[in-house]
Amino acid sequence: MSEVESDLPSQDRSKTYLERNAIILYLVFIAFLLLTFISKGTISIGRSIDISGFNVAGLLGSLIVFAWKFDRKQPHISNIFTIGLVSAFLVLVVSRDSANPTIWITSILISVSIFGLMAIGLNLHTGMTGMVNFGVIFFVGIGAVTTGLLNSKYGVDPWISLTTGIVIAMVVGYLTAFPTIRLRADYFAIVTIALGEILRIVLNVETTLRSRTESSGISSPGIANIRGPWLDVWENAFPDRPYLVLLTIISVSLLALGFVLSELILNSPFGRVLKTIREDEDVVQSYGYNVFQYKALILAIGGGVMAAAGGVWAWWLGSIFPDFMLPTSSTFLVWAAFVIGGKGNNKGMIIGAAFITYIELISRTITPPPANVSFRTCVAESSFVVCSMDVVFRFIVLDIGGLLFGSSSYTTATRNASNIHIDVNFLRLIVIGLIILLSMRYFTDGLVPEEPFRPKIDYFRSSTTFEGALRCQFCNQLNQVGAEVCVSCGKRIITSKSSKE
Amino acid sequence: MRFLRQANHYFEKFKGVIKLTNILEINDLTKRFGGIQALDGVSLNLNEKEIVGLIGPNGCGKSTTFNVMSGVMEGDGGSVMLYGEEVYGLPSDQINRLGMSRTYQDTRLWRDLTVIENLMLPPKNQLGVKVLNSLFTRNRIKKEEKEILEKAYDTLDLLEITHMANHYCSELSGGQSKLVDLGRVLMSDPKILLLDEPVAGVAGPLAEKIFERIGTLRDELGLSVLIIEHNMDFILQQGVDRVFVMSNGRVVVEGTPSEIQQSKTVIEAYLGE
């Protein structure tokens, strides 16, 4: 029996390690439940984050626990996990109460689509082909600028502008392969960072790209008045509904299109060549494949997908400024989605994009707690729990944050300043950095890891492993020689040629 | 590309009309790494349906010879004639398409892919490796994939590692990796096979079986095989037709196994003077 055990796949060997992590997450989940119970569901941190968000985080945690019990590298488990995560996200979106739910939900879905498309493009470049691309924003920028410029300056139809943007990005992607053919991982990454920065700085100084603001008389960099597709048609047909609804439908269908394209590529022989290039390109070349051609093609295709994301972004924002190309607000977020979701798996890209969108939204809606709260004043307040959490939060954000990012901490600088405005935007980057770090440490393969290629065949052929036994290749079960079906999984046995001899 | 077509044309022409004997001929191959002369005018030849061994002590330039002749590494000079055509300096993919496949000493499998996926890449002229085909001719590709899958399983059966088909290559042991590597190179339907230590780390009986199998493949498919082997005694017992002995970047002796066994130069090369 010992031989059977030593032959088990590695995911089974590391089960205990995964289970330990699952228990920790489960405890966190129970802690959230207790917290909700104590506060009777009314807790808020910093008076802005609703506790229902934590409930859903707990739900996500339990889903992870659930998924960890299985081999997540199996396609059907990966599907269940994806459906679970996406539905949890939708619950989260719907449960958020807001003054205007339509705007809230549409903007979340558009944001997920845009980041999802970018992550799928990145997956084509980095997850499948192994070309580390830190210049996602380069291709996105080409798409956004072309779409915006053609539409707002020359009045071209939005769809034609978007198509032009995609085609330009594809051509540029193909051409990018020529100077970078000999560059491996890190060096290619440096080139792509440079490309993104070049485009941003050009956008900053190039006068063609400046929008004209008549009232102030000063032209500022950026492109304004970008109109989305079928804007007039929508406004005539549904005057009382916001245009965002149509844009949501368009962007979600573009995401679906990008997903299908990427899945087709991933599961085809073409995708197999790409994956082998990721593993060892010299060997692929010596098996008769022109590696350069494949790299150039996938740079073009991925660039096109990213450019589509850029075009939708331009439609959504209505006007684009060079700021949107700062790496901290785009490329790094896409990379976080890529790392969290699981490289090499397109479903993971969408999950990662949803994750990032949620963090982005939290960090945008968060407000600093009042500066004058303390445990002493909390005793008098109606809700002691809410108030004391404010105190802790204030300590973390203001005092520790102040020490790290300012010349002095908040409390030492001033004793009584309830109206000081403090920008908590940096929290977003801290949280995202932390998530990337934890994800690298504990989920090396991401939430939904790459699915291995294990083609189904309805029979198994097994060679004799040792005297008098046949091993099933599907379940590792040892069978008697001459058996017709596997004892464990019931698959038909065809004895191999070599054992017949 | 034009040259490639031309070479293919010659190959097709020669195959029917003339019986080529000397299908691979290497003359005066040189390669220098900084101050080390790795190859100092290596000359080899390989006849059709022949198994030739290339042996020599550590660091004598066996693997470098393979790297330069298969186009993986740039050489400093020389000539490589494949079916009477100069292929020296061509990229490795074009040389492979002319029918010469090679393995690597450290196997270099695609580690994060399954064994079966490793085996399904090398077959030549696959429809689906073109991006447009992979998007628009799904049914034909499915059929083709099925054939390749069957062939891959046959190859695994041959090497007795069918039970590892769905495992990751990173989970294989050293000997199993060697077998998968051999399977991978057989999947590419080569005419000329360059094997870099194919049985290093493979258990004795299986190693002998592999050599036996290479012999039958030679007879069945008309393969010509050039094998690097470190273990001189082993290769001399395995029924190779000729052996080249290398030392310090040169071929010092050429001959049949019995000649090699009696040669003083070989003993000097291995043991020093």
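The values are calculated or read from the model by the stated rules, or taken from the named source; none is laboratory data. Remember, it's a predicted structure, so these values are computed and weren't measured experimentally. Cβ placement follows ideal geometry from the backbone for every residue including glycine, while neighbour counts extend to all protein chains displayed.
Please go through (1) part of a loop (DSSP other than H, G, I, E, B); (2) out of contact with any Pro (no Cβ under 9 Å at 6 or more places or on another chain); (3) among the aliphatic types (A, V, I, L, M) for B:VAL180 and return the number of the only condition it doesn't satisfy.
So B:VAL180 meets the others, but not (1).
Does at least one position in the range A:215-226 carry a residue that is assigned to a helix (DSSP H, G or I) and modelled with pLDDT of 85 or more?
no
Every residue in the range B:66-81 that is away from chain A (no Cβ under 14 Å) and surrounded by 21 or more Cβ atoms within 10 Å (Cβ to Cβ), please.
B:GLY75, B:VAL80
Tell me, which residue of the range A:434-446 that is under 14 Å from the mean Cα position of the chain (by Cα) and more than 21 Å from B:SER170 (Cα to Cα) is nearest to the other protein chains (Cβ to nearest Cβ)?
A:SER439
With the requirement that a residue be at the interface with chain A (Cβ under 7 Å from one of its Cβ atoms) and either within 13 Å of A:PRO455 (Cβ to Cβ) or at pLDDT 85 or above (or both), what does the range B:159-169 give you?
Taking the range B:159-169 as the starting set, the residues that turn out to be at the interface with chain A (Cβ under 7 Å from one of its Cβ atoms) are B:160, B:162-163, B:165-168.
Residues satisfying the conditions are B:ALA165, B:ASN166, B:HIS167, B:TYR168.
With respect to the numbered conditions (1) in a helix (DSSP H, G or I); (2) within 12 Å of chain B (Cβ to nearest Cβ); (3) buried (at least 21 other Cβ atoms within 10 Å of the Cβ), which one is the sole condition not fulfilled by A:GLY288?
(1) is the only condition that A:GLY288 fails.
Which one of these is modelled with pLDDT of 90 or more, surrounded by 16 or more Cβ atoms within 10 Å (Cβ to Cβ) and under 24 Å from A:THR146 (Cβ atoms): A:LEU264, A:LEU247, A:LEU274, A:LEU257?
On the way: A:LEU264 fails: under 24 Å from A:THR146 (Cβ atoms); A:LEU274 fails: under 24 Å from A:THR146 (Cβ atoms); A:LEU257 fails: surrounded by 16 or more Cβ atoms within 10 Å (Cβ to Cβ).
When all the criteria are applied, what remains is A:LEU247.
Step by step: first the residues of the range B:170-196, then only those that are within 12 Å of chain A (Cβ to nearest Cβ) and more than 21 Å from B:ARG97 (Cα to Cα), then the one that is surrounded by the most Cβ atoms within 10 Å (Cβ to Cβ). Which residue is that?
If we take residues in the range B:170-196 being within 12 Å of chain A (Cβ to nearest Cβ) and more than 21 Å from B:ARG97 (Cα to Cα), then B:LEU179 is surrounded by the most Cβ atoms within 10 Å (Cβ to Cβ).
Just name the residue that is surrounded by the most Cβ atoms within 10 Å (Cβ to Cβ) out of those in the range B:102-138 that are among the polar types (S, T, N, Q) and more than 7 Å from chain A (Cβ to nearest Cβ).
Taking the range B:102-138 as the starting set, the residues that turn out to be among the polar types (S, T, N, Q) are B:103, B:105, B:107, B:114, B:118, B:125-126, B:133-134, B:137.
Now restrict to residues that are more than 7 Å from chain A (Cβ to nearest Cβ): B:103, B:105, B:107, B:118, B:125, B:133, B:137.
Numbers: B:THR103: 24, B:GLN105: 18, B:THR107: 24, B:ASN118: 27, B:ASN125: 9, B:ASN133: 18, B:THR137: 14.
Ranking the candidates gives B:ASN118 first.
Just give me the residues in the range B:139-153 being facing another protein chain (nearest Cβ under 8 Å) and hydrophobic (A, V, I, L, M, F, W, C), in sequence order.
Within the range B:139-153, B:ILE141, B:LEU149 qualify.
Conditions tested, residue by residue: (1) buried (at least 24 other Cβ atoms within 10 Å of the Cβ); (2) outside any helix (DSSP H, G or I); (3) in contact (Cβ under 8 Å) with a residue 12 or more places away in the chain; (4) small (Gly, Ala, Ser).
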residue	(1), (2), (3), (4)
A:TYR294	no, no, yes, no
A:LEU297	no, no, yes, no
A:ALA307	yes, no, yes, yes
A:GLY311	yes, no, yes, yes
A:TRP316	no, no, yes, no
A:VAL334	yes, no, yes, no
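Where residues in the range A:260-285 are more than 14 Å from B:ILE95 (Cα to Cα) and of a type in the set (S, T, N, Q), which of them is farthest from the other protein chains (Cβ to nearest Cβ)?
Across the range A:260-285, the extreme among qualifying residues is A:SER262.
Against the conditions (1) surrounded by 22 or more Cβ atoms within 10 Å (Cβ to Cβ); (2) closer than 22 Å to B:VAL52 by Cβ; (3) within 13 Å of another protein chain (Cβ to nearest Cβ), where does B:LEU156 fall short? Just the number, please.
Of everything listed in (1) surrounded by 22 or more Cβ atoms within 10 Å (Cβ to Cβ); (2) closer than 22 Å to B:VAL52 by Cβ; (3) within 13 Å of another protein chain (Cβ to nearest Cβ), B:LEU156 misses just condition (2).
Out of B:SER63, B:SER43, I need the residue that is more than 10 Å from every other protein chain (Cβ to nearest Cβ), over 15 Å from the mean Cα position of the chain (by Cα) and among the small types (Gly, Ala, Ser). Which one?
Numbers: B:SER63 fails: over 15 Å from the mean Cα position of the chain (by Cα).
Only one candidate qualifies: B:SER43.
Would you mind stating whether B:VAL199 is surrounded by 18 or more Cβ atoms within 10 Å (Cβ to Cβ), without any contact (Cβ under 8 Å) to a residue 40 or more places away in the chain, within 10 Å of another protein chain (Cβ to nearest Cβ) and over 20 Å from B:ILE116 (Cβ atoms)?
For B:VAL199, the condition - surrounded by 18 or more Cβ atoms within 10 Å (Cβ to Cβ), without any contact (Cβ under 8 Å) to a residue 40 or more places away in the chain, within 10 Å of another protein chain (Cβ to nearest Cβ) and over 20 Å from B:ILE116 (Cβ atoms) - is not met.
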